[in-house]
1. Report the calculated FRET efficiency for Ala111 and Lys160 (r = Cβ-Cβ distance, R0 = 51 Å), to the nearest 0.05.
2. How big is the charge dipole of the chain about its Cα centre, in debye rounded to the nearest 20, if each Lys and Arg gets +1 on its Cβ and each Asp and Glu gets -1 on its Cβ?
3. Describe numerically, in nm with one decimal, the distance between label points set 7 Å from Cα along Cα→Cβ at Met1 and at Gln128.
4. At a 1.4 Å probe radius, carbon and sulfur cover how many percent of the accessible area of the chain?
5. Rounded, prolate or oblate: pick one for segment 242-291, where a ≥ b ≥ c are the square roots of the eigenvalues of its C-alpha gyration tensor, a/c under 1.5 means rounded, and failing that, prolate if a/b is larger than b/c, else oblate.
6. Can you compute the helix-only [θ] at 222 nm over the chain? Use -39500 (n - 2.57) per DSSP H run of at least 4 residues, normalise by all residues, nearest 500 deg cm²/dmol.
7. Report, for the chain, the % of DSSP beta bridges that are antiparallel, rounded to 5.
8. With a 1.4 Å probe and all protein chains left in place, how much accessible area per residue does segment 26-106 have, in Å²?
Amino acid sequence: MQTNFSLAQLADPDTAESEKILRACVHCGFCTATCPTYFLTGDELDSPRGRIYLIKEMLENNRPADARTAFHIDRCLSCLSCMTTCPSSVHYMHLVDHARVRIEETFQRPAGDRLLRALLAFVLPRPQLFRAAVWAAPLAKPFSRLLPERLRGLLAMSPKGLPSPSPVDTPQIFQAAGERKMRVALLNGCAQTVLDTAINEATVRLLTRHGAEVIVSKGAGCCGALPHHLGKVDQSHEFARHNINAWTSEISKGGLDYVVINTSGCGVNVKDYGHMFRDDSTLAAKAAHISAITRDISEIMNLVDYAPSNGTKSLRVAYHSACSLQHGQKIVREPIDLLQRAGFEVIEVPEGHICCGSAGTYNLLQPQLANGLRERKMANIISVAPQLIAAGNLGCMVQIRAGTDIPIVHTVELLDWASGGPKPEALRSIV
Ligand code: SF4
Ligand code: SF4
């Protein structure tokens, strides 16, 4: 695609990078065939190609974002299905990230939207605040009519109950069982430590059982993805900086083979720290190293030669491949192979490349499109008649769980169960 930026514009490294990305696009439109929002609306501006044009126009003309651009970029899931499809290797992720920052900095949203986005970016990454907000939600419900419409929707979607905080989610070291094969830092995350504590517990058991010493580092927490996807670059970089420093300190204390992530949405973000801090003279090298040693839990379990021990679990599992795993990290076969090795009958879901509508805070900010995608996902899952669903990303689990009674668990909970861990709580009713 031809571009028309001035030399002064290209002196800005983010604009220079976006220009390179724009030039790679040959506007062939192949990406429209796999874009979930284009499926739903049929509007070219809700397709990757249409969004690329909007971003080009905004950046080239060096103007503040207008309502039309904000509207269609906000409707993008950042599912990255378009990147898997694109034959020209257009790095849509970095382009849309840049556009979101420009929109956040230059577009004046309605007051209710601004408040909602600020609340989500501030509360969700902070487990204590998030827990307090969920606890307070029922108290606020009788007054919900007094709240702006967007906040009312948020209140209606708040979870009914929460597990107690888990002892694994405080800074500590878990020793490897038997000979130590590797030393890893586990990102225990933010929302996950509030909404589903069983995932980190299963991950720690699974890793230590397979010879990994697991560190939950002091100072590490939210990866920054939630504010990042809202275009709030200062907040997201602040979280990322804490993690980079915390894990770098572990490297100097006793070495670190890997940073392990069990929420694939966070994995995409941490694997991109090197890019985020590429122009930061103090953090660039450290950030690049952290990204280089970051692995999804399914990659690690293949490395440590996962050994199921509990006999076969011949349950029919519909494997939901999170976009952040399959498109964001190009991890497709690993979780399926591990589940099969554990004895599960794994059924791939039709249209498995299409997003379930979760996408971080997307289901809270774009409920209509998110619900449409969930319905489509549920119809596909139900068509293969599974006994349970497995996924490698909490966001997808929450989104899918809201549309079905079929139990849904994290892949690590099944791998843990099949190698000596307890049966996942969600499966009590079926086995
Ligand atoms: S498939 Fe790639 S090159 Fe073709 S229009 Fe989409 S982003 Fe551009
Ligand atoms: S990231 Fe997903 S929703 Fe956004 S343009 Fe690409 S395919 Fe469409």
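1. Values: r = 29 Å, r/R0 = 0.57.
For R0 = 51 Å, the calculated efficiency reads 0.95.
2. Details: 44 positive and 41 negative charges, 160 e Å.
Charge dipole, the chain, about its Cα centre: 760 debye, nearest 20.
3. The answer from the label model is 4.5 nm.
4. Working: 9950 of 18030 Å².
The computed percentage sits at 55.
5. Working: a/c = 2.22, a/b = 1.01, b/c = 2.20.
Cα axes put segment 242-291 in the oblate bin.
6. Mean residue ellipticity at 222 nm (helix-derived): -14000 deg cm²/dmol.
7. Approximately 10 percent, going by the DSSP bridge assignments.
8. 38 Å²
The values are calculated or read from the model by the stated rules, or taken from the named source; none is laboratory data. Here the structure is a predicted model, which means the values were calculated and not measured. Please note: Cβ atoms are built from the backbone with ideal geometry, for glycine as well, and neighbour counts cover all protein chains shown. The area values use the complete protein model at the heavy-atom level, side chains included, leaving out ligands, DNA and RNA. Shrake-Rupley method; radii C 1.70, N 1.55, O 1.52, S 1.80 Å.
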